[in-house]
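> For reference, the structure I am asking about is given below.
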Amino acid sequence: MSMVDRDAVRAQYRTEEHLAVRTTVWHPTADGRDPATEALAAVVAATPRSYVEVGCGTGMFAARVADALPDAAVLALDQSERMVELTASRGLEARVADVQDLPLPDDSVDVVAALWMLYHVPDLDRALGEVRRVLRPGGTFVVVTNGDAHLAALRTEAGGGPLVTTFSSDNGERVLRRHFDDVRRDDLVPRAVFADRAAALAYLRSSREDVDWDPPADGWPRTYDGAVTLFTCS
Ligand SMILES: C[S@@+](CC[C@H](N)C(=O)[O-])C[C@H]1O[C@@H](n2cnc3c(N)ncnc32)[C@H](O)[C@@H]1O
């Protein structure tokens with residue numbers, strides 16, 4: 001049985017509310033690097049004429065790709081109708097689709113990107129097989145995910161523990177190598193700043209885990225390390 005609860009993932013992304021709580025707290029690494037900006041650089045470096053993003057969320061990253069590559073065909077896919085609606089409202093082509101069953105021909109795409117989404121997918125090998133199928137030979141797959149150390153200090157202080165997922169900085173490379181010959185990684189430590197206990201609590205609760213979160217009462221604002229990896233595969 002898959003460790004991923006598909007109904008919970010659908011419920012989580014039925015609206016943009018939970019995602020919005022989580023995106024606002026992040027700041028770049030100590031040396032000024034931002035994971036999404038690094039991922040954008042990896043996409044641009046591959047000079048795609050066709051770009052497909054799976055699990056596009058609100059379409060923020062796809063919009064940056066479209067701005068950076070005005071001549072490329074950009075298609076954004078998500079399993080959530082609301083996310084597709086939000087992405088389309090940016091003037092992008094967006095469709096409802098599951099990464100495990102891509103509605104695209106073989107060898108048809110130059111770059112596929114999957115940012116913070118593969119840990120939601122029930123059958124990872126099937127999803128990666130689909131990405132490989134639609135990528136043209138020599139095409140590039142750009143992936144971003146979190147590691148077990150992501151906000152682990154906050155999670156532990158607040159009464160939980162590290163969040164261990166099915167596709168992380170720690171276990172993701174192994175599964176990617178089953179489908180791609182060349183897998184390069186870039187590990188980043190962005191920082192999350194929480195203004196107060198309520199902000200930390202809202203963040204922790206947004207993931208819908210079964211934990212009775214209890215962040216520290218004082219010492220706010222507090223800063224915690226994230227753990228993010230950019231994989232570039234071909
Ligand atoms: C954590 S959000 C990340 C969104 C966006 N990539 C970003 O970086 O902000 C995960 C997204 O993946 C989508 N998703 C989850 N499982 C999916 C699947 N099997 N196929 C396509 N999209 C999926 C969710 O609906 C959600 O929009």
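The values are calculated or read from the model by the stated rules, or taken from the named source; none is laboratory data. It should be emphasised that the depicted structure is a prediction, and the values quoted were computed from it without experimental measurement. Positions of Cβ are backbone-derived with ideal geometry, glycine not excepted, and every protein chain shown enters the neighbour counts.
> Any idea which residue in region 79-99 is surrounded by the fewest Cβ atoms within 10 Å (Cβ to Cβ), counting only those that are within 6 Å of the ligand (Cβ to nearest atom) and in contact (Cβ under 8 Å) with a residue 24 or more places away in the chain?
GLN79
> Ok, one more. Out of the residues in region 128-161 meeting the condition of being free of Cβ contacts under 8 Å to residues at least 40 places away in the same chain and buried (at least 17 other Cβ atoms within 10 Å of the Cβ), tell me which one is farthest from ALA46 (Cα to Cα). Quick ask: steps written out before the conclusion?
Step one: of region 128-161, the residues free of Cβ contacts under 8 Å to residues at least 40 places away in the same chain are 130, 133, 135-137, 156, 161.
Narrowing further to those that are buried (at least 17 other Cβ atoms within 10 Å of the Cβ): 130, 135.
Numbers: GLU130: 20, LEU135: 13 Å.
Step by step, filter region 128-161, then rank; the result is GLU130.
> Oh, and also: Looking at THR145, THR140, can you tell me which residue is assigned to a strand (DSSP E or B), polar (S, T, N, Q), within 17 Å of the chain's Cα centre (by Cα) and away from the ligand (no atom under 12 Å from the Cβ)? Walk me through how you get there before you give the answer.
Values: THR145 fails: away from the ligand (no atom under 12 Å from the Cβ).
Selected residue: THR140, the only one of THR145, THR140 that is assigned to a strand (DSSP E or B), polar (S, T, N, Q), within 17 Å of the chain's Cα centre (by Cα) and away from the ligand (no atom under 12 Å from the Cβ).
> Specify the residue that is surrounded by the most Cβ atoms within 10 Å (Cβ to Cβ); the eligible residues are those in region 1-38 that are among the basic types (Lys, Arg) and either in a helix (DSSP H, G or I) or at pLDDT below 95 (or both). Spell out how you get there, then give the answer.
Initial filter on region 1-38 (among the basic types (Lys, Arg)): 6, 10, 14, 22, 33.
Those still in the list that are either in a helix (DSSP H, G or I) or at pLDDT below 95 (or both) too: 6, 10, 14, 22.
Numbers: ARG6: 13, ARG10: 12, ARG14: 13, ARG22: 15.
Checked region 1-38; the qualifying residue surrounded by the most Cβ atoms within 10 Å (Cβ to Cβ) is ARG22.
Yes/no matrix, rows are residues, columns are (1) away from the ligand (no atom under 13 Å from the Cβ); (2) more than 29 Å from LEU154 (Cβ to Cβ); (3) in contact (Cβ under 8 Å) with a residue 12 or more places away in the chain; (4) crowded, with 16+ Cβ neighbours inside 10 Å:
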{"site": "ALA45", "(1), (2), (3), (4)": "yes, yes, no, no"}
{"site": "ALA62", "(1), (2), (3), (4)": "no, yes, yes, yes"}
{"site": "ASP71", "(1), (2), (3), (4)": "yes, yes, yes, no"}
{"site": "VAL74", "(1), (2), (3), (4)": "yes, yes, yes, yes"}
{"site": "LEU77", "(1), (2), (3), (4)": "no, yes, yes, yes"}
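> When the residues of region 106-127 are narrowed to those that are closer than 15 Å to SER234 by Cα and either within 13 Å of the ligand (Cβ to nearest atom) or aromatic (Phe, Trp, Tyr) (or both), which ends up surrounded by the fewest Cβ atoms within 10 Å (Cβ to Cβ)? Before the answer, list the steps.
Filtering region 106-127 down to residues closer than 15 Å to SER234 by Cα leaves 107-114.
This time we only want the ones that are either within 13 Å of the ligand (Cβ to nearest atom) or aromatic (Phe, Trp, Tyr) (or both), so: 112-114.
Working: VAL112: 28, ALA113: 27, ALA114: 25.
Filtering region 106-127 for residues that are closer than 15 Å to SER234 by Cα and either within 13 Å of the ligand (Cβ to nearest atom) or aromatic (Phe, Trp, Tyr) (or both), the one surrounded by the fewest Cβ atoms within 10 Å (Cβ to Cβ) comes out as ALA114.
> Could you check, for region 189-201, whether at least one of its residues is loosely packed, with under 13 Cβ neighbours inside 10 Å and closer than 27 Å to LEU118 by Cβ?
Taking every residue of region 189-201 in turn, none turns out to be loosely packed, with under 13 Cβ neighbours inside 10 Å and closer than 27 Å to LEU118 by Cβ.
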